Amino acid sequence: MEEKTAVPSEHKRNVKQQYNCAILTISTSKYWTRAHGDSDLNDRSGERAQELARQYGHQIVYYDVVPDDETLIGDGIASALRSDADFIITTGGTGLTTHDITIEVVKNLLEKEITGFGELFRLKSYEEIGTAAVLSRALAGVIEQKVIFCLPGSPNAVELALREIIMPEVAHILRHVRE
């Protein structure tokens, strides 16, 4: 039996490696903290996402904080799409409470869903936190030839998703999205 010679690294050759990134934190408490003039949002997840994206050579071209509100989440994503961003990362609003609606809002906007992202995120989460990973609602997909990744609001979840999945694959994903 002949083995396939194609390896994932061959698919990643000659692919641009630096992109523009938009980050949207979805948190009612952080939104109201900013609205009341407090400059320290304590947005550890949004800050960590920015740090990691920069660490991997990407430029942050858009950052905002919006509350858990369907219209304002949609407006935030629309603004991120209008920015010069190639990919968007959202943090927060992915839990199971009635206020956590990020996944539902974004899913309605997707042209294509990247189902493997959520599956892989949960697998990697399981390796770190065990069966509590079943609560992880992560989502990725394509909107207007841009990729959006919706992550839980935990700094550890952001770290895991960016280091283990998003940063190693974003260039590869964008190449295919733009074909």
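Brief remarks follow.
- Among the candidates Glu104, Glu127, residue that is more than 25 Å from Lys30 (Cβ to Cβ) and either β-branched (Val, Ile, Thr) or outside any loop (DSSP other than H, G, I, E, B) (or both): Glu127
- Qualifying residue in the stretch 90-106 (condition: more than 24 Å from His176 (Cα to Cα), aliphatic (A, V, I, L, M) and in contact with a Ser or Thr (Cβ under 8 Å, 6 or more places away or on another chain)): no
- Test result for Gly141, closer than 15 Å to Ile88 by Cβ and either modelled with pLDDT of 95 or more or not in a helix (DSSP H, G or I) (or both): yes
- Any hit, the stretch 147-169, residues being surrounded by fewer than 17 Cβ atoms within 10 Å (Cβ to Cβ) and over 20 Å from Ala49 (Cα atoms): no
- Residue check for Val158: free of Cβ contacts under 8 Å to residues at least 24 places away in the same chain and in a helix (DSSP H, G or I): no
- Where helices (runs of 4 or more DSSP H) fall wholly inside the stretch 26-94, the ranges with 2 or more residues that are crowded, with 23+ Cβ neighbours inside 10 Å and either of a type in the set (Gly, Ala, Ser) or over 17 Å from the mean Cα position of the chain (by Cα) (or both) are 44-55, 70-82.
Per-residue answers, yes or no, for (1) within 20 Å of Tyr63 (Cα to Cα); (2) touching a residue at least 24 places away in the same chain (Cβ under 8 Å):
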site: Gly93; (1), (2): yes, yes
site: Tyr126; (1), (2): no, no
site: Thr131; (1), (2): no, no
site: Arg137; (1), (2): no, yes
site: Gly141; (1), (2): yes, yes
site: Leu151; (1), (2): yes, yes
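- Among the residues of the stretch 121-129, some residue qualifies, meaning at least one is over 20 Å from Arg44 (Cα atoms) and either touching a Leu at 6+ places or on another chain (Cβ under 7 Å) or aliphatic (A, V, I, L, M) (or both).
- All conditions in (1) in contact with a strand residue (DSSP E or B) (Cβ under 7 Å, 6 or more places away or on another chain); (2) closer than 24 Å to Leu135 by Cα; (3) without any contact (Cβ under 8 Å) to a residue 60 or more places away in the chain hold for Asp64, with the sole exception of (2).
The values are calculated or read from the model by the stated rules, or taken from the named source; none is laboratory data. Quick caveat: nothing in here was measured; it's all calculated off a predicted structure. No Cβ is skipped: glycine too gets one built from the backbone with ideal geometry, and neighbour counts run over all protein chains shown.
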